[in-house]
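Undergrad: Take this structure first; my questions come after.
No lab work stands behind these numbers, since they all come straight from the coordinates. Fair warning: this is a prediction, and the values are worked out from it, not measured in the lab. Neighbour counts run over all protein chains shown; Cβ positions are idealised from the backbone, glycine included.
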Amino acid sequence: MLQNTFDRKELIGFSRKQFRNYDTRTVSNSELEESLTDGWTVAKKNKRSTRLSRPKKKPDLLESRVWALFYRMGFPVLSGEGGAELAITPSDSKSPRNQLDVVAVDDEIGLHVECKCREQPKRDPRFQEKLAKHATNRRGFGNRPVRRILDV
């Protein structure tokens, strides 16, 4: 069973966040100095609070762009914030779950994308292990009819 998936009508606010290439947050003026040292910049200063922004990190930006692509393509069911979770053994309620970065499902197709990106290019010694995990997810995700993936 797939968890943390929603109808696209429920994701309008989340989609606005995904379409931007920067993150925002609002903090009280007393917390401003601490946030500025963490890389945030002032977007708007209010009387009691300040809106901050900063560019998304490369891995987060890639995931946002993939999710936004599926949203624009019109998929009726998409993963929410933090991706979706897939039970390894759907018949067992205590089964461990795998996190799927981006999930898009309609009546005929179900897609899940594992987004891998680094801030700086370098070889990943655990790439084969990550690829094997993706293959396990693929079996659990792809061997069931779309309706059973969503458990509807």
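Undergrad: For R72 and K133 in one chain, what is 0.36 nm times their gap in residues minus the Cα-Cα distance, to one decimal in nm?
TA: On the way: separation 61, 0.36 × 61 = 21.96 nm, distance 2.82 nm.
Length gained between R72 and K133: 19.1 nm.
Undergrad: Given the convex hull over the Cα atoms of the chain, what projected area results after averaging over all orientations, in nm²?
TA: That works out to 11.7 nm².
Undergrad: OK, next. Of the cross-linked pairs K9/K44; K17/K44; K57/K133; K58/K94, which ones have a Cα-Cα span greater than 27 Å in the structure shown?
TA: From K9/K44; K17/K44; K57/K133; K58/K94, over 27 Å: K9/K44; K58/K94.
Undergrad: For the chain, with the dipole built from +1 on Lys and Arg beta-carbon atoms and -1 on Asp and Glu ones, taken about the Cα centre, which of T26, F6, G39 lies farthest toward the positive end?
TA: It is G39.
Undergrad: Right, something else. Name the residue farthest towards the positive end of the dipole of region 43-127 from the options V77, A104, V66, assuming +1 on Cβ of Lys and Arg, -1 on Cβ of Asp and Glu, about the Cα centre.
TA: Checking the options against the dipole of region 43-127, the answer is V66.
Undergrad: Right, something else. Would you calculate the separation in nanometres between label points at Q120 and S49, each defined as 7 Å from the Cα along the Cα-to-beta-carbon direction?
TA: 3.7
Undergrad: Could you give the length gained on full extension between E108 and D92, defined as 0.36 nm per residue of separation minus the Cα-Cα distance, in nm?
TA: 3.2 nm
Undergrad: What does the charge count near G74 come to, summing +1 for each Lys or Arg and -1 for each Asp or Glu among other residues with Cβ under 10 Å from its Cβ?
TA: Within the 10 Å Cβ shell, the charges total +1.
Undergrad: While we're looking at this one, here's another question. Of the chain, which part is the longest with no GluC sites (Glu not before Pro) in a loop (DSSP not H, G, I, E, B) and with at most 16 other C-beta atoms within 10 angstrom?
TA: On the way: sites that count: E81, E108, E119.
The longest uninterrupted stretch comes out as 1-80.
Undergrad: Which trypsin sites (Lys or Arg not before Pro) from region 1-47 combine a DSSP loop assignment with at most 16 other Cβ atoms within 10 Å? Write down the numbers at each step before the final one.
TA: Numbers: sites: R8, K9, R16, K17, R20, R25, K44, K45, K47; in loops: R20, K47.
Answer by residue number: R20, K47.
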